[in-house]
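Since the structure comes first, as structure tokens, the remarks are kept for the end.
The values are calculated or read from the model by the stated rules, or taken from the named source; none is laboratory data. Only a predicted model underlies this, so the values are computations on that prediction, with no experimental measurement involved. A quick note on method: Cβ atoms are made from the backbone with ideal geometry, for glycine too, and the neighbour counts reach across all protein chains shown. All accessible areas refer to the heavy atoms of the entire protein, side chains included, with ligands and DNA or RNA removed. Shrake-Rupley method; radii C 1.70, N 1.55, O 1.52, S 1.80 Å.
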Amino acid sequence: MTEPVLCYNFQFEVDGAYAAAFAEALYEYCDALSHFERDGDPDGPWRIEGFSGELFDKAAVETAVSIMATAVGIDAPNVTFGTYEPKDWVSENLRSFKPISVGRFYVHGSHWGEGVPVAKTGLQVDAGLAFGSGEHQTTKGCLAAIDWVAKRGARKNALDMGCGSGILGMACAKTWRSPVMMADIDPASVRVARENAKINKIADLVTAIHSNGFQDTRIRDAGYYDIICANILARPLRSMARDLTSTLSEDGVVILSGLLSHQEQFVLSAYREVGLSLIKRFKVENWTTLLVG
């Protein structure tokens, strides 16, 4: 008798306002991941489920959950681990990733076969490869901010700090056909960003590097940036304010995201201290994206 193939999963529940954030933070540990309303109740808790063909590093998953809980200001949910019957979860997850339209941008996966609407800029990014598939509120806020900036003139040199999948840097490259520097502390994200640039046919415009913040000298060597995107978390955004503004051109703008609405003044005060002012804020549910300059 053939032994059944054993596959693994984890699951936990969290307030729906934070479900997408937790899902994005856990994609790297899974072959596939889903988040959904439990029992179809929009006011009830959402369930996060991760799936893998190999045993999970339980400590790493629980640490990632704890870090995100701290970031959004809630108690860490209890994570349970188990097994499941094998399915092609990656394909099922891809099918569940519907295109997202924000301003001029149309974010879609490789499975999408219906094309990009007229007058839209297509960004092909597959869910689950690295942080930034377009689903999260902060990514939507950043894309809305880039669209707003684009309506007000050209930009010649862009930086995507904490690039994840590279979606924001790619949006800049496709909008202005200008060079973009992408940097991330996670080597896997850098590899994904490079691959996504190739898939989107803008590899000639993109340089993606592994860097802890602004430590790599190549970031400064690329010159001053007239648009910088930083979709990270509130505390790192605040701590990098001085380094970030030292690479900003005289008329440059900065898009800051990854912060809950109640963290807005905490972040904004650090940028006011280095001479920048709020231009516009973009709110998506409980999350805020700030445009400063």
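So, in the stretch 37-55, how many residues would count as being within 16 Å of F10 (Cβ to Cβ) and modelled with pLDDT under 75?
1
Inside the stretch 206-229, can you point out the residues that are touching a Lys or Arg at 6+ places or on another chain (Cβ under 8 Å) and open to solvent by 30 Å² or more (accessible area, probe 1.4 Å)?
T207, the sole residue that qualifies.
Checking G82 against (1) modelled with pLDDT of 90 or more; (2) surrounded by 15 or more Cβ atoms within 10 Å (Cβ to Cβ); (3) outside any loop (DSSP other than H, G, I, E, B), which test does it fail?
Condition not satisfied by G82: (2).
Return a yes/no flag: does the stretch 254-263 have any residue that is open to solvent by 10 Å² or more (accessible area, probe 1.4 Å), under 25 Å from H136 (Cα atoms) and of a type in the set (V, I, T).
Checking the stretch 254-263: not a single residue is open to solvent by 10 Å² or more (accessible area, probe 1.4 Å), under 25 Å from H136 (Cα atoms) and of a type in the set (V, I, T).
Taking K283 and the conditions (1) within 23 Å of I167 (Cα to Cα); (2) outside any helix (DSSP H, G or I); (3) in contact with a strand residue (DSSP E or B) (Cβ under 6 Å, 6 or more places away or on another chain), which numbered condition does it fall short on, given that it satisfies the others?
That leaves (3) as the condition not met.
Give me the residue from the stretch 5-36 that is under 20 Å from K98 (Cα atoms) and assigned to a loop (DSSP other than H, G, I, E, B) and, out of that set, modelled with the highest pLDDT.
This residue is C30.
When the stretch 102-143 is examined, which residues are found to be modelled with pLDDT under 85 and among the hydroxyl-bearing types (S, T, Y)?
S110, S133
Do we have A183 as open to solvent by less than 30 Å² (accessible area, probe 1.4 Å), outside any strand (DSSP E or B) and either of a type in the set (G, A, S) or out of contact with any Asp or Glu (no Cβ under 9 Å at 6 or more places or on another chain) (or both) here?
No, not satisfied.
Check S165 against each of (1) farther than 17 Å from G258 by Cα; (2) open to solvent by less than 10 Å² (accessible area, probe 1.4 Å); (3) hydroxyl-bearing (S, T, Y) and name the one condition it does not meet.
Going through (1) farther than 17 Å from G258 by Cα; (2) open to solvent by less than 10 Å² (accessible area, probe 1.4 Å); (3) hydroxyl-bearing (S, T, Y) one by one, S165 breaks only (1).
Could you give every pair whose Cβ atoms fall below 9 Å, whose first residue belongs to the stretch 217-239 and is closer than 19 Å to G293 by Cα, and whose second residue is acidic (D, E) and not in a strand (DSSP E or B), counting only separations of at least 6 or pairs across chains?
A234/E264
Does L244 meet the test of being farther than 20 Å from M182 by Cβ and surrounded by 22 or more Cβ atoms within 10 Å (Cβ to Cβ)?
no
Among the residues of the stretch 154-180, write down those that are under 11 Å from S211 (Cα atoms) and either over 16 Å from the mean Cα position of the chain (by Cα) or in a strand (DSSP E or B) (or both).
M161
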